[in-house]
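A short write-up of the structure that comes next.
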Amino acid sequence: MVTELKKAVWVGALALSLIGSASWPAGAQEAEPARKVTRRVPPVYPELAKQGRIVGTVRIVLTVAPDGTVKSLKTLGGNAVLASAAEAAAKLWKFEPLKKETTEAIAFKFNGQ
């Protein structure tokens, strides 16, 4: 069972690394989005990742609606197990309202703690 889980994690990570090979937007800051964040939701470190001692960074590009809600997202890189947790958290982020839709780049770092 554990071997099957490890295999699934590695296959997922490989698939995500291939899918997420798009380049990080030019000028994007990995740690801090340009638009002011009014609510940050940290990701929950998945139990499977803890058991597998999986660490790394998940990079996500968000499309933020004028009202500050996350309209859509695209994961650009990171382990598949960590990416699902990062995506769930990113969907709950809120940004300051603006007159237009924006694209924001964020990164979640999972260090095993």
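The values are calculated or read from the model by the stated rules, or taken from the named source; none is laboratory data. Please read these numbers as outputs of a predicted model, since none were measured by experiment. Methodologically, a virtual Cβ is constructed for each residue, glycine included, from the backbone with ideal geometry; neighbour enumeration extends over all protein chains shown.
Things to note:
- Residue list for segment 57-113, filter: over 12 Å from the mean Cα position of the chain (by Cα) and β-branched (Val, Ile, Thr): THR63, VAL64, THR69, VAL70, THR102, THR103
- When the test is whether a residue is free of Cβ contacts under 8 Å to residues at least 40 places away in the same chain and either touching a Cys at 6+ places or on another chain (Cβ under 9 Å) or within 13 Å of LYS109 (Cα to Cα) (or both), LEU82 passes it.
- Only listed residue being of a type in the set (D, E, K, R), more than 14 Å from GLY112 (Cα to Cα) and crowded, with 19+ Cβ neighbours inside 10 Å, chosen from ARG59, ARG39: ARG59
- Test: residue in segment 46-54 that is among the aliphatic types (A, V, I, L, M), assigned to a strand (DSSP E or B) and either touching a Leu at 6+ places or on another chain (Cβ under 6 Å) or at pLDDT 50 or above (or both): no
- Some residue of segment 13-29 being over 17 Å from the mean Cα position of the chain (by Cα) and either at pLDDT 90 or above or not in a loop (DSSP other than H, G, I, E, B) (or both): no
- Residues of segment 78-113 that are surrounded by fewer than 19 Cβ atoms within 10 Å (Cβ to Cβ) and either assigned to a strand (DSSP E or B) or in contact with a His (Cβ under 8 Å, 6 or more places away or on another chain) (or both): LYS94, THR102, THR103, LYS109.
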